[in-house]
Amino acid sequence: MCRNGCSKIQNCKLNTYDWLCGVPDAENATDYVEVQFKNTRKGYFLNSARIPLEKGDVIAVEAMPGHDIGTVTLTGKLVLLQMKKNNVRTDGTEVKRVYRKAKTVDLVKYEEAKSREHETMIRSRQIAADLGLDMKIGDVEYQGDGNKAIFYYIADERVDFRQLIKVLAETFRVRIEMKQIGARQEAGRIGGIGPCGRELCCSCWMSAFVSVSTVAARYQDISMNPQKLAGQCAKLKCCINYEIDAYVEAQQYLPSREIVLETKEHTYYHCKTDTFRQEITFSTDKSFAVNIVTISAKRAFEVIGMNKKGIKPLSLDADEKPQQPSLDSHDILGQESLTRFDGTNSKKRKKRRKHEKSDLKAKPKH
């Protein structure tokens, strides 16, 4: 079991910290538990038998058909909050239950089923290619008892896989379920390390994927380089959306980039913006950085106001810049001087010599 309380069959993906752990009222708030299976698949099951469960326990739960093996990731009141967040409803639907804590026999069957997943995935890809289907089978997940297999596939268009299901069922002798996933979900299931040096967000904590557009990159003045903007899923990086709200809010206090500033000598066009410093760089050419001048947003608004009144300032920056008083650092205590002890040492030497001379004079002559 790792430091997060996960068992060996779980790889800590989408781990949720139970910040209500230890609160008495939160522990017994509900009989539902959150169970995680292979990679990012999670489910919520009713512990109707009131089996004492903790985070990290390997349990057998109800499945269609048979049973499945998973790991408890959450218990108590936080499960209700997660169910509400994921829009899981229990009214008017058949609730799946927790059977028992996994026994040795259950774990042996589970390991046997999991050992066949890679071979099944390779074989199923060959079958799909032989049938001429434009799809990619990215992963295969066997149920804990080995009676069912879920095939995760990616396809750009709708695929008629009825014949594929028949062939797969005859080949592997299990119940077949097909699930279509996107490129981001596939990257989350496979996992990896991002350019930031950390584990991919989609494989460790992200459970919902929001569309990412190039508009967010433009707001942040990120270079429009497809190789740098794309993640391992070949889509735009999800982290581009993380700071876009802060940039949008900060740019409300900046002038429009389309505004042209007029002076008596030149016409200035927007070149670049430092959003958080509230500084704008202007150039006398629209396409190239020529005669660039960097001014504050406050000064830009002043020039815009002057241009609206028909006034053109002498220069884009302030006509008279206030001179800031120079703060010369004076070593008052003399702590930075390497010879600061020389004066005191010479005084001590003189005193020592005087004492030595007086001692010699005081000694009797033989």
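Bear in mind these aren't lab numbers, they're just calculated from the coordinates by the rules spelled out. Because the structure is a prediction, the values reported are computed rather than measured. All Cβ positions, even for glycine, are placed from backbone atoms using ideal geometry, and neighbour counts span all protein chains on display.
Between Ile122 and Thr281, 0.36 nm times their residue separation minus their Cα-Cα distance comes to what?
The Ile122-Thr281 span can extend by a further 51.7 nm.
Using alpha-carbon pairs under 8 Å, 6+ residues apart, how would you state the relative contact order of the range 47-126 in percent?
Value for the range 47-126: 35 percent.
If we count other beta carbons within 10 Å of each Cβ, what is the order of Leu74, Leu254, fewest first?
Leu254, Leu74
Computed over the Cα atoms of the range 112-185, what is the convex hull's projected area averaged over all directions, in nm²?
With every direction weighted equally, the projected area is 4.6 nm².
Given the options His266, Ile150, Leu200, identify the residue whose Cα lies farthest towards the positive end of the charge dipole of the range 126-273 (+1 on Cβ of Lys, Arg; -1 on Cβ of Asp, Glu).
Ile150
What distance in nm separates the simple spin-label points at Leu80 and Glu199, each placed 7 Å from Cα in the Cβ direction?
Those two pseudo-labels are separated by 3.0 nm.
I need the GluC sites (Glu not before Pro) found in the range 71-150, filtered to DSSP loop residues with at most 10 other beta carbons within 10 Å of theirs.
Glu94
Limiting things to C-alpha atoms, what are the Rg and the maximum Cα-Cα separation (Dmax) for the range 24-102, in angstroms?
11.7, 36
Exactly which trypsin sites (Lys or Arg not before Pro) in the range 221-325 are in a DSSP loop and have at most 15 other Cβ atoms within 10 Å?
Arg257, Lys264, Arg277, Lys286, Lys309
Around Gly305, with a cut-off of 13 angstrom between Cβ atoms, what is the net charge of the other residues, counting Lys and Arg +1 and Asp and Glu -1?
+3
State the extension gain, in nm to one decimal, for the chain segment bounded by Asp130 and Lys308, taking 0.36 nm per residue of separation less the distance between their alpha-carbons.
Stretched out fully, the Asp130 to Lys308 stretch lengthens by 57.0 nm.
What would the Debye equation give as log₁₀ I(q)/I(0) for the range 157-296 at q = 0.21 Å⁻¹, counting only Cα atoms as equal point scatterers?
At q = 0.21 Å⁻¹ the computed log10 ratios are -1.21.
Go through 101-107, 63-69 and give me the packing order, highest mean Cβ count within 10 Å leading.
The packing order, highest mean first, is 63-69, 101-107.
Any of Lys55/Lys109; Lys109/Lys148; Lys42/Lys166; Lys55/Lys103; Lys286/Lys309; Lys38/Lys179 with alpha carbons more than 19 Å apart? Name them for me.
Violating the 19 Å limit, Cα to Cα: Lys55/Lys109; Lys42/Lys166; Lys286/Lys309.
Please report, in debye to the nearest 20, how large the charge dipole of the range 68-151 is about its Cα centre when each Lys and Arg carries +1 at its beta carbon and each Asp and Glu carries -1 there.
It comes to approximately 520 debye.
Percent of Cα-Cα pairs more than 15 Å apart in the range 255-308, please.
40 percent
Just tell me which aspartates and glutamates come within less than 16 Å, Cα to Cα, of Lys85; anything on the same chain fewer than 8 places away is out.
The qualifying aspartates and glutamates are Asp18, Glu34.
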